[in-house]
1. Here is a list: A276, A267, A260. Which entry is modelled with pLDDT under 95, out of contact with any Cys (no Cβ under 8 Å at 6 or more places or on another chain) and farther than 17 Å from W199 by Cα?
2. Restricting attention to the range 192-201, and to residues there that are in a helix (DSSP H, G or I) and open to solvent by less than 20 Å² (accessible area, probe 1.4 Å), which single residue is farthest from G244 (Cα to Cα)?
3. Out of the range 282-300, which residues are of a type in the set (S, T, Y) and open to solvent by 50 Å² or more (accessible area, probe 1.4 Å)?
4. Any chance the range 85-94 includes a residue that's over 25 Å from C373 (Cα atoms) and at pLDDT 90 or above?
5. Filter the range 159-186 down to the residues that are part of a helix (DSSP H, G or I), more than 21 Å from C313 (Cα to Cα) and under 9 Å from the mean Cα position of the chain (by Cα) and list them by number.
6. Which residues, counting only those in the range 135-152, are among the hydrophobic types (A, V, I, L, M, F, W, C) and open to solvent by 10 Å² or more (accessible area, probe 1.4 Å)?
7. Working carefully through the options S322, S317, S311, find the one that is surrounded by 12 or more Cβ atoms within 10 Å (Cβ to Cβ) and either at pLDDT 75 or above or touching a strand residue (DSSP E or B) at 6+ places or on another chain (Cβ under 6 Å) (or both).
8. Within the range 68-81, is even one residue touching a Cys at 6+ places or on another chain (Cβ under 6 Å) and either within 28 Å of V304 (Cα to Cα) or open to solvent by less than 10 Å² (accessible area, probe 1.4 Å) (or both)?
Amino acid sequence: MMGREGAGNDIVEIKVHPRRENNGGSPPPYQNKSVFKKWVPWLVPLFVVSNIAVFIAVMYVNDCPTNSGSCAAPSLGRFSFQPLKENPLLGPSSSTLVKMGALDVARVVNKHQSWRLISCIWLHAGVFHVVANMLSLLLIGIRLEQEFGFFRIGLVYVISGFGGSLLSALFIQTGISVGASGALFGLLGGMLSELITNWTIYANKSAALATLLCIIAINLAVGLLPHVDNYAHIGGFLSGFFLGFVFLIRPQFKWINQKACPPGYIAPPAKSKHKAYQYVLWVVSLIVIIIGFTLGMVALLRGVNVNDHCSWCHYLSCVPTSLWSCNSRQVYCQSSQLGNQLNLTCLSNGKSNLYYLSADDLSKVQQLCAQLCS
């Protein structure tokens with residue numbers, strides 16, 4: 001499962017569906033001829049390396065031994081992790097993530113830092129988070145880049161990440177959010193729309209569609225667990241789904257057959273490169289993307305909380321059961337200590353307070369933070 005802001009991640013493997021071959025009695029050279037260019041993937045590996053490099057840079061800035069009282073894996077020195085009680089994913093503090101560009105709605109709205117909608121998709125909450133997301137990116141992204149090239153897949157990835165961040169910010173306006181899962185779900189959404197719009201060139205299409213829908217459903221269902229930002233997953237998936245109709249369109253099968261037909265062979269004529277429904281989906285999807293992103297940004301910058309207008313939408317991100325509660329969202333505070341004086345600032349509402357603590361009271365910091373942010 002692909003998670004965001006501390007969620008665990010599924011490693012999803014998608015098989016590239018075989019394209020139909022011409023069985024009209026053509027000789028083997030014609031049957032085996034490839035009509036689509038196979039790209040050498042380099043952008044997706046670059047994305048993976050960039051995400052890992054950014055995580056290392058974040059850990060360098062975090063400098064746990066200097067800024068915190070205790071650290072996990074102290075032998076790593078400056079790159080050691082925050083205490084496990086603070087960050088069980090083996091990563092930096094929330095204040096460091098905010099400093100490096102995490103999605104913080106208060107800063108986006110009040111300080112006009114809209115760039116955080118993009119920067120947050122390159123940040124991760126910990127080692128487990130970044131490793132799981134990057135494995136998923138390699139398994140999904142490499143094959144897509146081989147099929148469609150770096151430009152189109154790069155656009156789907158980045159724009160879907162932005163769409164995931166935008167929907168997340170409209171619903172979750174406390175705390176911070178980081179992770180590439182919105183962009184990853186965008187690639188899954190793009191795969192689904194690509195299968196639909198290029199339906200005529202695929203064999204075993206029903207089985208391929210059923211398999212892909214099951215994978216998507218499982219990943220979205222995992223987002224219903226607490227502490228998982230499923231809004232980013234849904235926003236990324238919907239963005240990628242509509243982007244797939246725009247960027248991942250292929251010529252219809254008859255046109256491919258005609259172009260690939262060698263001299264001396266007659267292929268069924270094709271009047272146009274694409275079918276009418278492909279053009280319709282292209283236009284409708286482009287309109288939906290432009291209108292959706294425009295309305296979303298206007299609503300966000302005006303400080304609109306969609307939960308105030310949708311009483312049931314919170315169930316899209318978490319469904320309460322007897323095993324867990326959806327009300328126990330993690331809160332984040334920035335802290336500075338001088339002697340026994342501890343200054344806490346809640347990152348979600350900006351409130352600050354000064355506490356006088358003994359060494360035995362340091363374990364109560366998270367509790368004090370929760371009270372300050374409530």
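The values are calculated or read from the model by the stated rules, or taken from the named source; none is laboratory data. Owing to the predicted nature of the structure, the values given are computational and were not obtained by experimental measurement. Positions of Cβ are generated from backbone atoms using ideal geometry, with glycine treated the same way; all protein chains shown enter the neighbour counts. We work out accessible area using only protein heavy atoms, side chains counted, and drop any ligands, DNA or RNA first. Shrake-Rupley method; radii C 1.70, N 1.55, O 1.52, S 1.80 Å.
1. On the way: A276 fails: farther than 17 Å from W199 by Cα; A267 fails: out of contact with any Cys (no Cβ under 8 Å at 6 or more places or on another chain).
From the options A276, A267, A260, the qualifying one is A260.
2. Going residue by residue through the range 192-201, those that are in a helix (DSSP H, G or I) are 192-197, 199-201.
Now drop any that are not open to solvent by less than 20 Å² (accessible area, probe 1.4 Å), which leaves 192-195, 197, 201.
Numbers: L192: 8, S193: 5, E194: 6, L195: 9, T197: 8, I201: 16 Å.
The extreme case among them is I201.
3. First, the residues of the range 282-300 that are of a type in the set (S, T, Y): 285, 294.
Of everything in the range 282-300, just one residue is of a type in the set (S, T, Y) and open to solvent by 50 Å² or more (accessible area, probe 1.4 Å), namely T294.
4. If we filter the range 85-94 for residues that are over 25 Å from C373 (Cα atoms), which is where we start, we get none.
No, there is no match, as no residue in the range 85-94 is over 25 Å from C373 (Cα atoms) and at pLDDT 90 or above.
5. Initial filter on the range 159-186 (part of a helix (DSSP H, G or I)): 159-171, 181-186.
Those still in the list that are more than 21 Å from C313 (Cα to Cα) too: 159, 183-184.
Within the range 159-186, A183, L184 meet the criteria.
6. Looking only at the range 135-152, we keep the residues that are among the hydrophobic types (A, V, I, L, M, F, W, C), and these are 135, 137-140, 142, 144, 148, 150-151.
Of everything in the range 135-152, those that are among the hydrophobic types (A, V, I, L, M, F, W, C) and open to solvent by 10 Å² or more (accessible area, probe 1.4 Å) turn out to be L135, L138, L139, I142, L144, F150, F151.
7. None of the others qualify; the one that does is S317.
8. yes
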